[in-house]
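Here's the structure we're looking at; comments come further down.
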Amino acid sequence: MTVDLASAAARAGEAAFDTLSGRERNLGILRVQVLILSDEAGRPLSTPERVQPALATADRVLRAEAGVRVRVVGIRTVTEPPPAAALDPRANRGLVVDDLLGRTEFYRRHLGDPSAGPAAALVGSPITVVVVRRIAGHTTGCSLGISADWVITQAALFDEGDRHSYDETVLAHELGHAMNLPHHRDRGNLMFAESSPPQRVRGTQLARWQRRVVQANRHVLPGRSGDTPVLG
Ligand SMILES: [Zn+2]
């Protein structure tokens, strides 16, 4: 069962959408929904309020660096206890294997998008951020790239009280992978592979070619002008 919390965060996003200025219309739109899993005892792993700063960071970074704004279409808490492979998933190749073996079926089953239209599977379909308990190894977020419409993020990333795991860049980084961005060797870049809070958190820059990749991605609805000013 999935409970729609209709969070203040999601409502604020809708309000902003209703009062678009001309400049806003020139931005592309990336729709994002968040699924917060619960543990074996049915306790949610995080809250919409905790996830909100990372969503705001993704919106700020993608607006400034890629000309795309994040529209949060829902933050939902899944109360159905997930299987172990979904609650504490493996990363990278392990996740690819698990996906092939059908162990990520739990995520897919809960992806249902309340605002999706018939054409949503083609252009502008949302990316879902699944909040899991713990990802194996030192990985805190993982994406299967363009082959999946969902990414996973570890709950501790959103726990502001935990200085050694709180990291607002990971959600945006994983959205980048889902929009076909590979890793970048510059530490100041959003797609730098490593990020170690609190001291060595990766940057949030995107290069011009990365901006073009994001704007051409099938998840992004183009802005009204068809293009946006290149910021550098
Ligand atoms: Zn990465």
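Points to keep in mind about this one:
- Alpha carbon centroid spacing (whole Å) that separates segment 29-59 from segment 188-202: 21
- Share of carbon and sulfur in the accessible heavy-atom surface of segment 2-221 [1.4 Å probe, %]: 53
- Between the C-alpha center of segment 70-91 and that of segment 133-173 there is a gap of 12 Å.
- Where N is the number of residues in segment 2-221, Cα Rg divided by 2.2 N^0.38 Å: 0.95
- Rounded accessible area per residue of segment 2-221, 1.4 Å, Å²: 46
The values are calculated or read from the model by the stated rules, or taken from the named source; none is laboratory data. Everything quoted here is computed from the prediction, not taken from an experiment. Calculation scope for accessible area: heavy atoms of the full protein, side chains included, ligands and nucleic acids excluded. Shrake-Rupley method; radii C 1.70, N 1.55, O 1.52, S 1.80 Å.
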